[in-house]
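**Student:** One structure, pasted below without further comment.
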Amino acid sequence: MTGPAPQISVQEYISIDEITETSAEMSLVDIASSIQETEPEGEADDEEDLTIPLVTSKMALKAIETGHKHFDFIPASYVLPGDYQDFCSNFLKDKGPYIVKPVASSRGRGVFLINHPDQVPLDENVIVSKYIASPLVIDGFKFDVRIYVTVTSYDPIVIYLYEEGLTRFATVKYERNSKHIRNQCMHLTNYSVNKRSQDYVKNDDPDVEDYGNKWSMGAMLRYLRSEGKDTAALMMRIEDVVIKTILSVESSVATACKMFQPFRGNCFELYGFDILLDENLKPWVLEVNLSPSLACDSPLDLKIKSNMLCDLFSLAGVVCHDPMMRTRQQQSKQASDIASKMKTRLKDLDENAQEMLNQIEASRFHMKEADEWLLRRSNRPQSATSSASKERNTQSGLTGLSSEEIKILRKVKEEEGRKGGWIRIFPTADSWDTYGSFLQFPTTHNLMLHQRFYPERHKAMTATKTPGTSIITPSRSK
């Protein structure tokens with residue numbers, strides 16, 4: 001994208017953040033209808049994230065249509081007090097600990113664990129989720145991972161994952177003991193909670209990424225690899241849950257963008273995913289932050305977030321502006337004022353001098369006309385120019401595409417050339433085969449991208465499809 005800086009954010013169209021999921025006994029539609037969004041209270045600190053629960057009717061339909069097994073990466077959740085009876089009924093079947101989170105809060109405020117429904121306050125809207133009681137630990141400490149995801153387009157949907165992230169540790173060693181259920185520094189990994197602990201260890205060296213209570217994601221993966229864990233398979237699972245999470249709101253956001261977005265290239269979104277790993281290396285989505293914290297409280301924060309932001313602006317095509325531009329504009333204005341004064345003085349010249357100037361201007365005009373005539377004479381016929389343009393399109397593989405599809409294809413190719421540390425996880429060679437059934441927005445743009453980027457893969461899919469079946473082809477948007 002080479003257009004202007006983004007003017008509209010999709011977060012104006014749909015509120016998405018902390019993702020919650022239901023068990024087989026409850027309806028996501030019921031959760032969505034009972035959520036009331038409120039603004040976070042209190043003043044922002046150095047680790048502010050805007051987190052709003054994401055439970056939409058679209059995600060409910062997605063879970064119903066595709067089956068719960070495809071969205072089993074979100075703990076079973078309930079919105080109270082509306083779902084209190086359902087929660088009590090399911091608590092009798094699964095009496096493990098649950099975690100209570102206030103709606104539309106941040107920084108771990110108001111979050112606590114319970115082991116009985118009677119401990120839940122019923123005078124305010126809260127979300128109660130099944131607590132992941134068997135988290136993966138490093139040196140005995142629970143941790144979660146903040147990864148950065150950006151979507152540069154929802155039609156077609158284009159998703160990028162940044163190559164680096166942050167690993168945030170609790171400050172008290174984890175124990176599966178109910179007597180420690182109220183110890184936030186054991187169960188919560190929020191930086192804003194643990195930084196107040198006397199056991200918090202700060203890292204002041206950005207080149208040491210595996211020290212203290214905040215590591216880089218890369219350091220965590222290297223540690224797991226040294227312990228014999230398959231980190232490649234882990235990252236594939238993380239990419240899978242990220243893609244499914246974004247696809248769960250694809251239709252809603254794409255529809256809103258089509259209604260309100262004046263230009264295709266002036267909108268992109270940055271999300272902060274909070275991922276928890278259990279002892280089986282299964283990733284669980286805890287939150288998706290609309291406004292991930294970009295504060296830099298440590299040198300490691302600055303190193304990772306500044307690189308991520310620079311690569312993000314390059315990826316989105318945000319044009320850099322010269323800080324000296326204002327000075328140049330002032331100089332240009334001064335030159336314009338001087339020219340205006342000189343023109344005023346020319347009016348006072350005697351008639352002979354003025355006539356001489358007019359003759360010079362006339363000569364320049366005639367010379368310009370002559371140059372234009374010679375240029376027109378030397379130009380090729382329009383038909384030849386059109387033929388050359390068509391030939392270029394044919395050579396570049398753009399035949400059969402509409403002007404809008406050509407713009408889309410070029411935009412995504414340009415992003416690929418300036419992506420920096422961003423990794424495109426959708427579309428990929430396998431994305432249409434794996435996630436085509438999850439797409440609901442009525443457009444052919446997603447299929448077009450896959451066909452143009454991976455023609456051999458698409459031909460293989462067409463050749464191997466069984467008789468009587470057909471490749472999913474959404475209807476063209478009007």
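Quick note: the coordinates plus some simple rules give every number you see, no bench work behind them. Just so it is clear, the structure is predicted and the values come from calculations on it, not from any experiment. All Cβ positions, even for glycine, are placed from backbone atoms using ideal geometry, and neighbour counts span all protein chains on display.
**Student:** With a cap of 12 neighbouring Cβ atoms within 10 Å, and only residues DSSP puts in a loop, list the trypsin sites (Lys or Arg not before Pro) found in the stretch 68-164. All intermediate terms of the calculation are to be shown ahead of the outcome.
**Tutor:** On the way: sites: LYS69, LYS93, LYS95, ARG107, ARG109, LYS130, LYS142, ARG146; in loops: LYS95, ARG107, ARG109.
Those satisfying the criteria are LYS95.
**Student:** How about the stretch 200-265: which trypsin sites (Lys or Arg not before Pro) there are in a DSSP loop, with at most 15 other Cβ atoms within 10 Å of their Cβ? Write down the numbers at each step before the final one.
**Tutor:** Details: sites: LYS202, LYS214, ARG222, ARG225, LYS229, ARG237, LYS244, LYS258, ARG264; in loops: LYS202, LYS229, ARG264.
Of the trypsin sites (Lys or Arg not before Pro), the ones in loops of the stretch 200-265 whose Cβ has at most 15 other Cβ atoms within 10 Å are LYS202, LYS229.
**Student:** Equivalent-ellipsoid semi-axes (√(5λ), Cα gyration tensor) for the stretch 71-228, whole Å, largest first? Walk me through the numbers on the way to the answer.
**Tutor:** Working: eigenvalues 176, 96, 45 Å².
Computed over the stretch 71-228, the values are 30, 22, 15 Å.
**Student:** Just tell me which lysines come within less than 23 Å, Cα to Cα, of LYS258; anything on the same chain fewer than 8 places away is out.
**Tutor:** LYS58, LYS62, LYS244, LYS407, LYS411, LYS413, LYS478
**Student:** Cα-Cα over 29 Å: which of LYS130/LYS195; LYS229/LYS303; LYS95/LYS214; LYS69/LYS303? Intermediate values should be presented prior to the final figure.
**Tutor:** Values: LYS130/LYS195 26 Å; LYS229/LYS303 27 Å; LYS95/LYS214 32 Å; LYS69/LYS303 38 Å.
Result: LYS95/LYS214; LYS69/LYS303 exceed 29 Å.
**Student:** Could you please rank THR443, THR434, THR399, THR167, placing first whichever residue has the fewest other Cβ atoms within 10 Å of its Cβ? Let's see the in-between values first.
**Tutor:** Numbers: THR443 20, THR434 14, THR399 9, THR167 24.
Least to most surrounded, the residues fall as THR399, THR434, THR443, THR167.
**Student:** Please order TRP215, TRP284 by the number of other Cβ within 10 Å, starting at the fewest.
**Tutor:** Numbers: TRP215 25, TRP284 21.
Going from least to most buried by this count: TRP284, TRP215.
**Student:** Could you pull out every residue, at least 5 positions away or on a different chain, whose amide H is within less than 5 Å of the one on LYS142? Hs are placed 1.01 Å off N in the peptide plane, and Pro or chain starts have none.
**Tutor:** The answer is ALA170, TYR174.
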